[in-house]
Amino acid sequence: MSRVAGQARVPVLTIDGPSGSGKGTIARQVADRLGWHLLDSGALYRLVAVDAERKAVALDDDEGLARLAAHLDVEFAISADGSEQILLEGSDVTGAVRSEEAGIGASGVAVIPAVREALLGRQRAFRQAPGLVADGRDMGTQVFADADLKVFLTASADERAKRRYKQLKDKGIDVSLAAVSRDIVDRDRRDSERSVAPLKPAEDARILDSSGKPIEEVTQTVLDWVSNI
Ligand code: DC
């Protein structure tokens, strides 16, 4: 591993892609298998939206939102049953963070440059030995432009909508496939067309299409790539 000024350089694997591409699941599995840290950057944008709701900061108040982003008091933990737990100022907001509303709010706050800037240092602080798997939209293009391996995970819009629909149904949320499909298309458009850090593959990213592939196969492909870096 290379050394900079006597310090070991911590390797980073970035996994970017649109909603429903499976990057959250793949990133978690790859991080577990490698024993590396995991950054779920989308959760940070979702937390800004949840915090704004709790503190009645308007979603068009750029300065107020950037202040929230800069001062988020958050802890990512694993509860006794192995499920994720997200604590905001000590209270459990896991359900709120994973809600559709938070996803839509996150996509809105994510267009504000001052919010993105405020979250940069916090995201980079996750880079700790022995390595980091970073999941998001701009991990390979902006936050970890020097990553050792960049993966851009895609899947057809149809398949992504079906996966998301199943996830929501499994959580007991009553939605229609048509509505989920519409949300996915809208969110993709907003994330790809924004002027700051839009969703797009880094020039040196490897594109991986997960359509029709079991999770284990996609995870293994990424692990094979990591073993060659
Ligand atoms: O991956 P997710 O669904 O949790 O992300 C929620 C929103 O946050 C997504 O619509 C866009 C935004 N986001 C972003 O702009 N940059 C990231 N690195 C991660 C998420």
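The values are calculated or read from the model by the stated rules, or taken from the named source; none is laboratory data. All values reported here derive from a predicted model rather than from experimental measurement. Quick reminder, even Gly has a Cβ in these numbers, built from the backbone with ideal geometry, and neighbours come from all protein chains shown. Each accessible area value is taken on the protein alone, full model and side chains, heavy atoms only, with ligands, DNA and RNA left out. Shrake-Rupley method; radii C 1.70, N 1.55, O 1.52, S 1.80 Å.
When you go through Ala118, Ala80, Ala49, Ala102 one by one, which is the residue that is farther than 22 Å from Ala205 by Cβ and open to solvent by 50 Å² or more (accessible area, probe 1.4 Å)? Break it down into steps so the answer makes sense when it comes.
On the way: Ala118 fails: open to solvent by 50 Å² or more (accessible area, probe 1.4 Å); Ala49 fails: open to solvent by 50 Å² or more (accessible area, probe 1.4 Å); Ala102 fails: open to solvent by 50 Å² or more (accessible area, probe 1.4 Å).
Within the list Ala118, Ala80, Ala49, Ala102, the selection yields Ala80.
Can we say Lys166 is surrounded by 13 or more Cβ atoms within 10 Å (Cβ to Cβ) and either small (Gly, Ala, Ser) or under 17 Å from Gly20 (Cβ atoms) (or both)?
no
Is there any pair linking a residue in segment 87-109 that is more than 11 Å from the ligand (Cβ to nearest atom) to one that is open to solvent by less than 10 Å² (accessible area, probe 1.4 Å) and in a helix (DSSP H, G or I), with Cβ under 7 Å and at least six apart or on different chains, and which?
Leu88/Leu47; Leu88/Asp51; Ala96/Ala102
Give the number of residues within segment 10-48 that are of a type in the set (Val, Ile, Thr), more than 18 Å from Ser192 (Cα to Cα) and modelled with pLDDT of 95 or more. Show your work before the answer.
Quick first cut of segment 10-48, residues of a type in the set (Val, Ile, Thr) only: 10, 12, 14-15, 25-26, 30, 48.
From what's left, more than 18 Å from Ser192 (Cα to Cα): 10, 12, 25-26, 30, 48.
From the residues that got through so far, the ones that are modelled with pLDDT of 95 or more too are 10, 12, 26, 30, 48.
Adding up the residues that qualify gives 5.
Where in segment 92-173 are the helices (runs of 4 or more DSSP H), entirely inside, with at least 2 residues that are within 14 Å of the chain's Cα centre (by Cα)?
The qualifying helices (runs of 4 or more DSSP H) are 100-109, 113-124.
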